[in-house]
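Engineer: What follows is a single structure, and I will ask about it in a moment.
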Amino acid sequence: MNDAPERALVIRVQLLSDCWHGTGDWPPSPFRLFQALICGAYGARWTAEDTVVAKDAAFRWLETLPAPLIGRPAKLTSDSVQYFVPNNDLDAVGNDPRRSGEIRTPKKLRTAVLAAPATIAYAWRFSGDDVHAQQLVTLCERLHTFGRGLDAAFASARVVAGSELDDACMEGGLRRCEPSDGPGGSATRLACPSPGSLESLKQRFRETGERLRNESAGAKVAIRFKQPSKALSRVVAYDVSPVTLVFELQELTEPGRLYPYRLEVAARLAIAIRDLAFGRLSTAMGREAELERAVLGRMSGPGEQRSRIRVIPLPSLGTPHTDPSIRRVVVQVPADCPVEASDIRWALAGQRVPSLSSAQGESAGAARLVESGGDAMLWKYGFVGEPCDRWRTVTPAVLPVHLRSGRRTGSERSQFEDLAALSVADAVRHAGIPARVREVRCQREPYFTRGKPANEFARDRFESGRLRHVELVLNEACQGPLIIGDGRWLGLGLLYPVRTGEADEVSSAQPSDSIEDIAEADQSDASDADETPDAEEG
């Protein structure tokens with residue numbers, strides 16, 4: 001039995017620029033670092049080094065360790081840029097370099113802009129002696145690139161006690177990313193070293209130099225190409241779930257008592273709370289352009305939508321007689337949001353929510369935001385608990401189809417209802433939900449006793465004809481929260497799981513076709529890039 005205290009090998013990779021061009025994984029996988037370390041340790045002037053046995057032993061030891069903890073900066077993905085580079089086929093133009101323009105091929109490059117510091121940290125826990133760990137500390141100094149060839153970097157490493165692991169790995173405000181078998185990590189899977197990874201990389205290196213071979217075929221000599229074998233690694237799920245902040249809407253004059261906002265003003269409540277956060281943060285921090293993208297969603301490109309905070313008003317659910325007014329609000333801060341979750345918490349805690357009005361001009365009251373630790377209502381919306389495959393909207397979804405104004409024939413109405421049902425499949429895909437829609441039903445009327453028809457909701461800039469209540473069945477159970485439609489950043493399209501009781505029979509639809517192939521989408525709202533709030537929301 002080994003009684004040695006737990007320690008950790010912490011490797012911090014510092015990029016020389018705030019841009020990163022690696023593709024296929026984020027955060028950069030531990031196996032990507034493993035490859036970069038081997039490239040630096042064995043390549044260039046270290047090729048003839050006589051310490052191969054010690055180096056091999058150190059990397060083989062690293063292969064046996066559990067998947068590491070990762071500390072990563074926030075990432076903002078820019079638009080891709082297309083370059084035209086000469087194809088590796090000069091013999092097609094008579095080996096004339098002056099004709100290389102004839103064999104140019106397009107190549108897309110997507111740049112990720114990293115928040116400062118542009119550092120990625122990895123921490124492998126281990127017990128026992130640290131001989132191999134200290135060897136790797138020395139070898140880390142040889143790392144020169146991390147990502148693509150143009151991502152120059154350097155690395156530093158040290159062995160720390162287990163109690164110092166978090167401070168050493170998360171230094172500089174890095175975001176925590178830990179191996180997890182739970183639902184939160186299922187969507188992000190990263191390659192990690194496994195026993196045999198070093199040998200597989202050596203074999204791939206040898207085979208790469210022998211890809212082209214001359215083979216005799218009678219009197220002719222043919223050049224044969226052989227693809228080198230793949231490197232060996234194992235895939236591990238990592239938890240990159242957003243930080244979920246829960247706030248109660250409490251009476252101004254009677255602390256502790258929840259104040260109910262009308263269900264119909266969910267969108268206006270989300271906008272008001274979002275604007276409160278932006279106002280306090282911009283006053284304290286500046287950085288207005290960055291905050292407009294991360295908090296308000298303005299001027300953000302398609303790659304930046306997933307780093308935007310989301311305000312979700314939670315109507316109360318319970319028995320058929322429960323008043324579905326809004327008494328709680330959830331604010332989700334994505335893992336790659338450039339604003340820290342602690343800053344969002346500070347920006348909202350204690351804020352007074354201004355008075356709102358419903359579509360009919362009726363006062364909706366005012367309240368104060370108080371952070372809550374309860375999760376009873378989170379269970380109602382699938383934040384916690386078992387995944388579910390049947391979901392219904394409590395606030396209507398804004399679907400990417402609409403009818404022309406004026407009188408409508410029965411066939412036009414029937415066609416719209418069919419298109420609305422099909423559009424749910426696209427709304428689910430746009431929301432990033434991994435499961436596919438198996439059955440769906442759309443209607444104006446709510447799915448629970450005290451719900452409100454879709455046309456009674458304050459809809460902000462969206463047309464009334466695009467709002468529909470939705471019931472859907474997915475081909476696999478999913479964890480919440482699920483929010484779909486073009487209004488999902490404004491509290492519209494929130495679904496709750498149907499876990500108990502007999503659900504109404506759902507009419508079967510075949511949403512395999514894309515609505516974009518059948519109906520003309522609203523170009524101002526349908527895409528992720530275009531659904532950001534405009535100036536009228538402010």
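The values are calculated or read from the model by the stated rules, or taken from the named source; none is laboratory data. On a predicted model such as this, the values are computed, not experimentally measured, just so you know. Because the Cβ atoms are built from the backbone with ideal geometry, glycine has one as well, and the counts that use them run over all protein chains shown.
Engineer: Which numbered condition in (1) assigned to a helix (DSSP H, G or I); (2) among the hydrophobic types (A, V, I, L, M, F, W, C); (3) modelled with pLDDT under 90 is the only one that L150 fails?
Structural biologist: Every listed condition holds for L150 apart from (1).
Engineer: Does the stretch 469-485 hold any residues that are touching a Pro at 6+ places or on another chain (Cβ under 6 Å) and not aliphatic (A, V, I, L, M), and which are they?
Structural biologist: The answer is H469, C478, Q479.
Engineer: So, of the residues in the stretch 104-126 that are at pLDDT 90 or above and hydroxyl-bearing (S, T, Y), which turns out to be surrounded by the most Cβ atoms within 10 Å (Cβ to Cβ)?
Structural biologist: So, considering only residues that are at pLDDT 90 or above and hydroxyl-bearing (S, T, Y), the one surrounded by the most Cβ atoms within 10 Å (Cβ to Cβ) is Y122.
One line per residue, one yes/no per condition, for (1) of a type in the set (D, E); (2) within 30 Å of V53 (Cα to Cα):
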site: V93; (1), (2): no, no
site: K107; (1), (2): no, no
site: V113; (1), (2): no, no
site: E141; (1), (2): yes, yes
site: L150; (1), (2): no, no
site: A155; (1), (2): no, yes
site: R158; (1), (2): no, yes
site: E164; (1), (2): yes, no
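Engineer: Looking at the stretch 110-149, which of the residues that are farther than 26 Å from C19 by Cβ and aromatic (F, W, Y) is farthest from the chain's Cα centre (by Cα)?
Structural biologist: F126
Engineer: Then there's this: If you scan the stretch 408-428, which residues turn out to be of a type in the set (S, T, N, Q) and buried (at least 20 other Cβ atoms within 10 Å of the Cβ)?
Structural biologist: Residue satisfying the conditions is S423 alone.
Engineer: If you take the residues in the stretch 170-197 that are in a helix (DSSP H, G or I) and modelled with pLDDT under 85, which one is farthest from the chain's Cα centre (by Cα)?
Structural biologist: Applying the filter and picking the extreme gives P183.
Engineer: Ok, one more. If only one of L482, L492 is under 26 Å from the mean Cα position of the chain (by Cα) and over 20 Å from E386 (Cα atoms), which one is it?
Structural biologist: None of the other options fit; the residue is L492.
Engineer: So which of R125, R110 is outside the structural domain of I11 (by TED's automatic domain parsing), of a type in the set (D, E, K, R) and touching a residue at least 40 places away in the same chain (Cβ under 8 Å)?
Structural biologist: Details: R125 fails: outside the structural domain of I11 (by TED's automatic domain parsing).
Result of the check over R125, R110: R110.
Engineer: How many of the residues in the stretch 23-73 are part of a loop (DSSP other than H, G, I, E, B), within 25 Å of the chain's Cα centre (by Cα) and not charged (D, E, K, R)?
Structural biologist: Of the residues in the stretch 23-73, 10 are part of a loop (DSSP other than H, G, I, E, B), within 25 Å of the chain's Cα centre (by Cα) and not charged (D, E, K, R).
Engineer: I've got another one for you. If we scan the stretch 80-98, do we find a residue that is touching a strand residue (DSSP E or B) at 6+ places or on another chain (Cβ under 8 Å), of a type in the set (G, A, S), on the phi < 0 side of the Ramachandran plot and loosely packed, with under 14 Cβ neighbours inside 10 Å?
Structural biologist: Scanning the stretch 80-98, I find at least one residue that is touching a strand residue (DSSP E or B) at 6+ places or on another chain (Cβ under 8 Å), of a type in the set (G, A, S), on the phi < 0 side of the Ramachandran plot and loosely packed, with under 14 Cβ neighbours inside 10 Å, so the answer is yes.
Engineer: Looking only at the stretch 85-100, how many residues end up being under 30 Å from G24 (Cβ atoms) and either in a helix (DSSP H, G or I) or modelled with pLDDT of 80 or more (or both)?
Structural biologist: Summing the residues that are under 30 Å from G24 (Cβ atoms) and either in a helix (DSSP H, G or I) or modelled with pLDDT of 80 or more (or both) in the stretch 85-100 gives 3.
Engineer: Residues that are acidic (D, E): find the strands (runs of 3 or more DSSP E) completely inside the stretch 409-509 holding 1 or more of those.
Structural biologist: Strands (runs of 3 or more DSSP E) meeting the threshold: 437-443, 467-478.
Engineer: Still on this model: Tell me which residues, restricted to the stretch 193-242, are surrounded by fewer than 10 Cβ atoms within 10 Å (Cβ to Cβ) and either among the aromatic types (F, W, Y) or closer than 13 Å to F34 by Cβ (or both).
Structural biologist: If the condition is that a residue be surrounded by fewer than 10 Cβ atoms within 10 Å (Cβ to Cβ) and either among the aromatic types (F, W, Y) or closer than 13 Å to F34 by Cβ (or both), then F225 is the only one that fits.
Engineer: So, one more: Cβ-Cβ distance below 7 Å, separation of 6 or more or different chains: which pairs start in the stretch 219-230 with a residue that is within 30 Å of E199 (Cβ to Cβ) and end on one that is loosely packed, with under 10 Cβ neighbours inside 10 Å?
Structural biologist: I223/L212; I223/N214; R224/E215; F225/L212
Engineer: I'm checking my understanding of the structure. Among residues of the stretch 227-272 that are among the hydroxyl-bearing types (S, T, Y), in a loop (DSSP other than H, G, I, E, B) and more than 26 Å from the chain's Cα centre (by Cα), which one is nearest to C337 (Cα to Cα)?
Structural biologist: The residue in question is Y259.
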